[in-house]
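Structure first, commentary second.
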Amino acid sequence: MSYYYSAMPDALAGLRDLVRPFPSALLGYSGGVDSALLAVVLRQELGRDRMLAAIGRSASYPEAQWRTAREVADRFDVPVLEVDTHELEDPHYLANPTNRCFYCKTELWTRLVPLARARGLAVVCDGTNADDLGGGEHRPGRGAGERAGVRSPLAEVGLTKAAIRAASQALGLPTWDAPAAPCLSSRVQYGLQITPVRLQQVELAEAYLRELGVRGDLRVRHRGRAARIEVEPAWIPWAEQRLETITVRLTALGFAHVDVDPRGYRRGSLLESSSP
């Protein structure tokens with residue numbers, strides 16, 4: 001299809017050169033900025049019959065993210081398979097330690113690596129980018145991928161998040177300016193047990209704030225009986241002005257207290273009150 005190659009920034013050339021020789025590939029696909037770009041490039045370079053984008057489905061995967069993943073796949077003719085994952089049956093994951101992501105990714109690759117072998121797909125890969133390897137980020141899930149032999153083509157060719165967004169925009173991906181969208185469990189205070197009810201509270205609370213108009217990065221941090229809202233700095237006054245209305249809705253979801261974090265959204269804020 002013509003829109004595949006309507007524009008190809010130099011940043012993409014290295015990625016294309018890397019994946020083109022792959023005999024075949026299975027991608028762990030969430031529909032986020034990174035994996036969406038990689039899914040489209042794999043589809044373009046390998047063809048429909050030599051690649052598969054696999055979505056891990058569980059209560060921790062946001063419904064909105066699933067819709068985006070399917071939209072991108074439909075638009076760019078990316079073959080998709082949905083696979084149920086069972087991290088919520090793992091007591092280590094449910095205990096919600098600071099390395100919770102390791103257990104989640106271990107479960108994911110335990111499902112996807114055998115799937116790739118069964119289907120004769122030679123390379124298993126993920127959407128890790130070059131920024132993720134910078135050393136300053138808390139990313140325990142990375143170790144699970146390394147242990148499973150998962151490759152990270154975006155990181156291997158040095159593609160940063162900014163470069164990925166630019167390449168995505170050039171290729172017409174709707175995800176090019178999407179905010180980061182990690183799993184719902186990332187909103188739950190470390191040490192507080194992960195439960196389907198808590199995940200649903202977070203998902204519904206964030207969906208409500210989106211309906212009200214919030215754009216950009218948004219997190220509703222689940223702190224037990226309390227919800228703390230993190231938005232980008234420009235949105236803090238907006239949220240504070242509507243806090244009474246927001247509190248009514250979030251109280252109905254089961255939160256006893258609601259506030260707006262005056263420091264705004266920041267990655268890893270839950271680590272500020274947890275030990276590594």
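The values are calculated or read from the model by the stated rules, or taken from the named source; none is laboratory data. Predicted model, so just to flag it, every value in this text is computed and none were measured. We place every Cβ from the backbone using ideal geometry, glycine too, and count neighbours over all the protein chains shown. The area values use the complete protein model at the heavy-atom level, side chains included, leaving out ligands, DNA and RNA. Shrake-Rupley method; radii C 1.70, N 1.55, O 1.52, S 1.80 Å.
Report the calculated FRET efficiency for LEU133 and ALA180 (r = Cβ-Cβ distance, R0 = 25 Å), to the nearest 0.05.
0.95
With a 10 Å radius around each residue's Cβ, average the other Cβ atoms per peptide and rank 154-167, 250-263, highest first.
154-167, 250-263
Helix 196-212 against the longest principal axis of the chain: what's the angle in degrees, Cα atoms only, rounded to the nearest 10?
Once rounded, the angle reads 90 degrees.
Can you send over the carbon and sulfur percentage of the accessible area for the chain, probe radius 1.4 Å, protein chains only?
51 percent
Mind checking the dipole of the chain: about its Cα centre, +1 per Lys or Arg Cβ, -1 per Asp or Glu Cβ, Debye to the nearest 20?
Roughly 240 debye for the chain.
Report, in degrees rounded to the nearest 10, the 0 to 90 angle that the Cα long axis of helix 100-118 makes with the longest principal axis of the chain.
30 degrees
Accessible area per residue, 1.4 Å probe, Å², for region 1-114: what's the number?
Accessible area per residue, region 1-114: 42 Å².
Do any trypsin sites (Lys or Arg not before Pro) in region 72-144 lie in a DSSP loop with no more than 13 other beta carbon atoms within 10 Å, and if so, which?
ARG119
With unit charges on the beta carbon (Lys/Arg positive, Asp/Glu negative), name the residue among LEU121, ALA53, LEU243 whose Cα is farthest towards the positive pole of the charge dipole of the chain.
The residue sitting farthest along the positive end of the dipole is LEU121.
To the nearest 500 deg cm²/dmol, what mean residue ellipticity at 222 nm is calculated for the chain from DSSP H runs of n ≥ 4 alone, each contributing -39,500 (n - 2.57), summed and divided by the residues?
Mean residue ellipticity at 222 nm (helix-derived): -12500 deg cm²/dmol.
So what is the relative contact order for region 1-147, in percent, with contacts set as C-alpha pairs under 8 Å and at least six apart?
In percent, rounded to a whole number, it is 28.
Give the accessible surface of region 146-250 per residue, rounded to a whole number of Å², with probe radius 1.4 Å and ligands, DNA and RNA excluded.
Ligands and nucleic acids excluded, the result is 46 Å² per residue.
With only Lys, Arg, Asp and Glu charged, each at its Cβ (+1 for the first two, -1 for the last two), find how big the charge dipole of region 9-100 is about the Cα centre; round to the nearest 20 debye.
220 debye
Say each of ASP261 and THR245 gets a label point 7 Å from the Cα, pointing the same way as Cα to Cβ; how far apart are those two points in nm?
2.4 nm
Taking the Cα centre of region 128-276 as origin and charging only Cβ (+1 Lys, Arg; -1 Asp, Glu), how large is the dipole, in debye to the nearest 20?
280 debye
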